[in-house]
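To start, the structure itself, in structure tokens.
The values are calculated or read from the model by the stated rules, or taken from the named source; none is laboratory data. Being a predicted model, the structure only gives us computed values, none of them experimental. Glycine gets a Cβ as well: all are built from the backbone with ideal geometry, and neighbour counts include every protein chain shown. Surface areas here come from the heavy atoms of the whole protein model, side chains and all, with no ligands, DNA or RNA. Shrake-Rupley method; radii C 1.70, N 1.55, O 1.52, S 1.80 Å.
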Amino acid sequence: MSTDTPKATTPANVTTTFAELGLISPILARLTELEYLQPTPIQAQAIPSVLAGRDLIGGANTGSGKTATFALPMLQQLSKQSVGKGSTNNKGTMNKGNYVSGLILVPTRELAKQVADSIKSYSVHFNGAIKAMAVFGGVSVNKQMLALRGGTDILVATPGRLLDLISSNAIKLDLVNTLVLDEADRMLSLGFTEELSQIMALMPKKKQTLLFSATFPEQVQTLTQELLNNPVEIQLQSKDASTLVQRVFTVNKGEKTAVLAHLIHEHQWRQALVFVNAKHHCEHLAEKLAKRGITAEVFHGDKGQSERTRVLEGFKAGTIDVLIATDIAARGLDIEKLPVVINFNLPRSPSDYMHRIGRSGRAGEVGLAISLIDHEDYHHFKVIEKKNKIWLEREQVAGFEVAEIAEDSILAAELAESKPMAKPEGTGKKKRKKKKTVNEDIWAGYSKPE
Ligand code: AMP
């Protein structure tokens with residue numbers, strides 16, 4: 001993959017510099033090396049509050065630089081304490097043994113590694129004075145226990161493995177100064193409730209808590225009030241700022257694989273990330289694509305960690321062209337310049353739709369998200385649109401036009417809606433245009449040029 005292009009386009013409406021945000025020279029020097037020319041909007045607005053020690057809720061589009069938003073101030077705060085063994089927490093107590101100062105909780109193993117790698121990269125000019133590491137399941141716990149000896153300044157963890165390490169006394173949380181919940185809505189969702197409340201009970205009450213996500217569903221907002229102390233709230237999710245084009249294609253039931261193969265052949269995207277809803281669907285779809293001459297790799301929770309790592313690294317490095325994944329790939333993963341995300345199956349949760357498509361169009365790059373819907377998906381896609389306040393024109397793929405029965409299903413889906421759908425601004429009372437067949441020109445700019 002090419003590395004010679006600048007990392008991100010600078011947001012037009014941001015004039016602040018990283019220096020003006022109050023960041024110190026070892027960090028500024030690194031940001032220059034990484035070609036971070038200016039802070040992104042969430043960085044510009046949140047970093048001063050985080051540096052001032054405030055609790056914060058940060059909502060901003062996927063790929064908008066949230067990691068640096070919490071990581072840079074954490075590094076700066078740590079560098080001002082005498083980090084490592086013998087440093088003090090916010091009560092002035094001496095750190096002992098297997099301490100951790102900054103804890104970042106994330107929902108997936110791969111995200112844990114990615115965030116820890118970013119922090120290590122941001123901290124190179126502290127010359128090893130700040131120790132950061134990731135712990136997650138699926139790999140040997142012994143190695144992690146060894147690495148944790150003497151504690152760590154920043155720990156990025158998935159909740160299950162963190163609890164294992166706590167129960168074997170490899171780490172203690174009673175000196176945590178800063179807690180970050182990345183992908184906060186996921187971390188506060190039902191699947192993590194039990195583990196999260198155990199972890200929360202082991203940390204000091206007085207600490208800085210930071211919550212970041214691209215989506216904050218209503219039920220999560222109530223929970224956040226309990227976790228945070230007088231937080232600064234910054235919500236910058238914006239469709240206008242998005243460089244991601246979303247499209248939805250109606251297809252006949254039973255023709256999704258053919259349509260997917262057609263799109264991949266036709267447009268020769270440099271890479272494509274395809275989401276399905278079940279682990280076994282990954283393999284099944286990969287086999288069907290193979291019969292159509294397309295080599296795809298799969299990524300899901302039943303794969304061993306070394307295989308998961310191999311596949312994700314291959315995809316990030318551009319040596320894997322088509323990746324078929326479940327929602328474990330939906331959160332936070334930063335795949336540079338990923339041209340397209342395809343929803344072969346729709347995600348159950350409307351928030352997951354936003355997280356999935358957010359793997360493309362990151363850091364100001366153009367991106368494309370395609371959803372393939374057959375008549376059984378129509379109603380659910382309307383729910384996804386409604387919850388996310390989006391309204392997409394239904395299109396068809398030339399050569400795969402939908403049969404009449406599908407039209408009936410659209411009507412049925414519309415009748416099934418209890419309330420009329422809120423349309424986004426600007427659409428007024430205009431009816432959705434009749435479905436149109438894809439004009440191949442529309443794809444210009446998304447296809448592989450070579
Ligand atoms: P994140 O949302 O933290 O996953 O970041 C998305 C991508 O944007 C990553 O590849 C970051 O390296 C990159 N990035 C973050 N902040 C900036 C910035 N201020 N300028 C340029 N690229 C950035």
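Tabulated data
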{"read-out": "Residue check, Lys303 in a helix (DSSP H, G or I), among the charged types (D, E, K, R) and without any contact (Cβ under 8 Å) to a residue 60 or more places away in the chain", "value": "no"}
{"read-out": "Filtered residues of segment 358-372 (kept if crowded, with 22+ Cβ neighbours inside 10 Å and out of contact with any strand residue (DSSP E or B) (no Cβ under 6 Å at 6 or more places or on another chain))", "value": "Gly358, Arg362"}
{"read-out": "Filtered residue count, segment 42-60, keeping only those that are within 10 Å of the ligand (Cβ to nearest atom) and under 19 Å from His355 (Cα atoms)", "value": "2"}
{"read-out": "Among the candidates Thr15, Thr3, residue that is open to solvent by 60 Å² or more (accessible area, probe 1.4 Å), at pLDDT below 95 and in contact with a helix residue (DSSP H, G or I) (Cβ under 9 Å, 6 or more places away or on another chain)", "value": "Thr15"}
{"read-out": "The listed residue being out of contact with any strand residue (DSSP E or B) (no Cβ under 6 Å at 6 or more places or on another chain), surrounded by fewer than 21 Cβ atoms within 10 Å (Cβ to Cβ) and in the same structural domain as Val402 (by TED's automatic domain parsing), out of Glu313, Glu297", "value": "Glu313"}
{"read-out": "Count of segment 172-213 residues which are more than 20 Å from Ala71 (Cα to Cα) and touching a strand residue (DSSP E or B) at 6+ places or on another chain (Cβ under 8 Å)", "value": "4"}
{"read-out": "Residue tally, condition out of contact with any Lys or Arg (no Cβ under 6 Å at 6 or more places or on another chain) and modelled with pLDDT of 95 or more, over segment 253-265", "value": "9"}
{"read-out": "Residue within segment 319-332 that is of a type in the set (Ser, Thr, Tyr) and in a loop (DSSP other than H, G, I, E, B) present", "value": "yes"}
{"read-out": "Residue satisfying condition, being closer than 21 Å to Glu376 by Cβ and within 15 Å of the ligand (Cβ to nearest atom), within set Ile357, Ile324", "value": "Ile357"}
{"read-out": "Unique match (being hydroxyl-bearing (Ser, Thr, Tyr) and either under 28 Å from Ser238 (Cα atoms) or in contact with a helix residue (DSSP H, G or I) (Cβ under 7 Å, 6 or more places away or on another chain) (or both)) among Ser197, Ser189", "value": "Ser189"}
